[in-house]
Amino acid sequence: MQAFIHVWKIFRLLPSAWLILLQFFILILSVAVNYSMTYRTLTWLLGVLVLLVIAKVIRQTPMFTFLGLSFVGGAVVFSSLSLLGIDHPMIQVTAHGFEAAAYFSAAYGLLRYMFEDRYLTIDELFAAGAVFTLLAWGFAFLYNMCQLLVPGSFYNSNMTGLHSWLDLLFLSFSLQSATGLSDLMPVSAPARVLAMLQMFCGVMYLALIVSRLIALQYIAHLPNRDKTNK
């Protein structure tokens, strides 16, 4: 029991780990493709929890904090309107825009945090994973905006109309990880531009983060120069 309490106290101080855990729960919930009010409420609550954790992560400079909290506040307000049954496309587009901005702000904040540290810590490892998922989620919101503003932006031979959130998230992870496993194809010009931007971000992120983590691990194992000079 004491060991569990100790692990919990450590985990509580790792907002990056909470981000990954909450997003994992949202993925698990997405397996039950059920658009009942209960499902929508649970998904909304988990999304709000993610946004609250993001609000903790983005506290950097005063200006950046103000912008980030504005994005989080706008996302909560407009997603609440969608939950209450106001299904106007522009409400959804605005909500997704704020959500994407909040996720990208959190990713930027975590990147700054990782590049300011001198030594590799467990929080850095969680932050590296969290930035990847935050970017994937942010682009999925942009894809959802794209298909609402430009109908037919994505093609799947097995279905027509608007694609589900899970399909768009799967496309986002496929592009960002460069696996190319998705059966959903961006066909409109805006969708292809977003896809190219995500491919670029995914490749650059992996290159930068892997090199950064290796450098931090190397620094952590450097001999103490003060001792060697004596």
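The values are calculated or read from the model by the stated rules, or taken from the named source; none is laboratory data. Quantities reported herein were computed from a predicted structural model and do not represent experimental measurements. Glycine also receives a Cβ, built like all others from the backbone with ideal geometry; neighbour counts cover every protein chain displayed. Protein only, heavy atoms only, side chains kept; ligands, DNA and RNA dropped before computing areas. Shrake-Rupley method; radii C 1.70, N 1.55, O 1.52, S 1.80 Å.
Report, by residue number, each residue of the range 32-53 that is modelled with pLDDT under 75 and either open to solvent by 70 Å² or more (accessible area, probe 1.4 Å) or of a type in the set (A, V, I, L, M) (or both).
Scanning the range 32-53 gives Ala32, Val33, Asn34, Tyr35, Met37, Thr38, Arg40.
Any idea which residue in the range 127-154 is nearest to Ala95 (Cα to Cα), counting only those that are open to solvent by less than 10 Å² (accessible area, probe 1.4 Å) and aliphatic (A, V, I, L, M)?
Ala140
Could we say that Leu162 is under 16 Å from the mean Cα position of the chain (by Cα) and either charged (D, E, K, R) or surrounded by 15 or more Cβ atoms within 10 Å (Cβ to Cβ) (or both) here?
Taking the combined requirement at face value, the residue does not satisfy it.
What are the pairs with Cβ atoms under 7 angstrom where one residue, in the range 75-91, is closer than 15 Å to Leu148 by Cβ and the other, located anywhere, is of a type in the set (Ser, Thr, Tyr) and open to solvent by less than 30 Å² (accessible area, probe 1.4 Å)? Sequence gap at least six, or different chains.
Ile91/Ser82
Can you give me the number of residues within the range 109-126 that are buried (at least 19 other Cβ atoms within 10 Å of the Cβ) and of a type in the set (Phe, Trp, Tyr)?
Residues that pass the stated criteria total 1.
Please give the number of the condition Ser80 fails out of (1) modelled with pLDDT under 80; (2) among the hydroxyl-bearing types (Ser, Thr, Tyr); (3) more than 17 Å from Ala140 (Cα to Cα).
Condition not satisfied by Ser80: (1).
Give the residues of the range 83-102 that are modelled with pLDDT of 80 or more and either closer than 30 Å to Glu116 by Cβ or open to solvent by less than 60 Å² (accessible area, probe 1.4 Å) (or both), sorted by residue number.
Residues satisfying the conditions are Ile91, Gln92, Val93, Thr94, Ala95, His96, Gly97, Phe98, Glu99, Ala100, Ala101, Ala102.
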